[in-house]
Amino acid sequence: MGIAAMLGSPIKRREDPRLITGQSTYVDDIKIPGMLHMAVVRSPYGHARINSINADAARKHPGVVAVYTAEDLKGAVGNVAIAVPLGKIAEGMGARGALADGKVRFYGDPVAVVIAEDLYTARDARDLVEVDYEPLPAAIDVEKAMQPGAPLLYEEFGTNVGFGMHPPTEEIDKVFEQTKADGGIIVKTRLVNQRLAPASMETRGVVAEYRKASKTLTVWSSSQIPHLLRNILSALVGLPQHQVRVIVPEVGGGFGSKLNVYPEEMIAA
């Protein structure tokens, strides 16, 4: 159908038949022979120091293949960039691993993962991982987090502010001063935009398959950025981009929350 003919004409959605008949493929539908399952140990604190992790009981649990902590992934999975104060990037600062190392910085921060023969075993063994946390003060208000003396997520930065823009205002100030001089009225207001947390019907999911013979990595992910995900995973696991393939099947909602590369994708890969 040409562009001119499309204007003002109803166009059938090509994806509807498979969606409404239940024939779509989502990440959870991907099944690979010999596939293992991963469960994540997450922080119950928004800010805490990790004194120790005891995963002995989880490793001995029947059906468990492996348990990984941040220490186990060093040298195997690279680090990802974080929001860094200007000037710190040049000093080689501003990266973190897929799992929390020494400290957790948000509620749900991944601390360890259990790999098992099935999902139920992985979840049972996950509950056997013992983490000794030392709770730290948390700044849960954005403006309070910017004040001097606020608890710091990254002490090495000396601030919680990742980036700031402060353009000059001389010209604007002149306009306001002239308005006052002319007897005009200046109205001040404070606008607060709500914090947004998208909640899609399909949660994030990832399946990764590495074939040793061809040295190729295939990742299925409920993502909105397959090309960027491929590029970043390529760098993180040390494979050239042409040996990494990212497939995005049907995605049950994203709304921007799946526009990031998440720790679980790195760990699975």
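The values are calculated or read from the model by the stated rules, or taken from the named source; none is laboratory data. Predicted model, so just to flag it, every value in this text is computed and none were measured. Cβ atoms come from the backbone with ideal geometry, glycine included; neighbour counts cover every protein chain shown.
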Exercise for the section: Name the one entry in 58, 112, 122, 98 that is assigned to a loop (DSSP other than H, G, I, E, B) and touching a strand residue (DSSP E or B) at 6+ places or on another chain (Cβ under 8 Å). Expected result: 98
Problem - Sole residue being not assigned by TED's automatic domain parsing to the domain that holds residue 39 and not aliphatic (A, V, I, L, M), chosen from 168, 137, 151 - result: 168
Practice task
Check off (1) at pLDDT below 95; (2) under 19 Å from residue 39 (Cβ atoms); (3) not aromatic (Phe, Trp, Tyr) for residue 95 and give me the number that stays unchecked.
Solution key: (2)
Practice task
Return the residue satisfying two criteria in turn: it lies in segment 206-251 and is part of a loop (DSSP other than H, G, I, E, B) and crowded, with 16+ Cβ neighbours inside 10 Å, and of such residues it is farthest from the chain's Cα centre (by Cα).
Solution key: 239
Handout entry: Enumeration of residues in segment 74-92 that are surrounded by 14 or more Cβ atoms within 10 Å (Cβ to Cβ) and either over 20 Å from the mean Cα position of the chain (by Cα) or at pLDDT 95 or above (or both)
Key = 88
Handout entry: Any chance residue 208 is under 30 Å from residue 244 (Cα atoms) and either touching a helix residue (DSSP H, G or I) at 6+ places or on another chain (Cβ under 6 Å) or of a type in the set (A, V, I, L, M) (or both)
Key = yes
Exercise for the section: Give me the pairs, please: first residue somewhere in segment 150-165 and closer than 17 Å to residue 104 by Cα and in contact (Cβ under 8 Å) with a residue 24 or more places away in the chain, second residue anywhere and assigned to a loop (DSSP other than H, G, I, E, B) and among the hydroxyl-bearing types (Ser, Thr, Tyr), beta-carbon distance under 6 Å, and either six or more positions apart or on two chains. Expected result: none
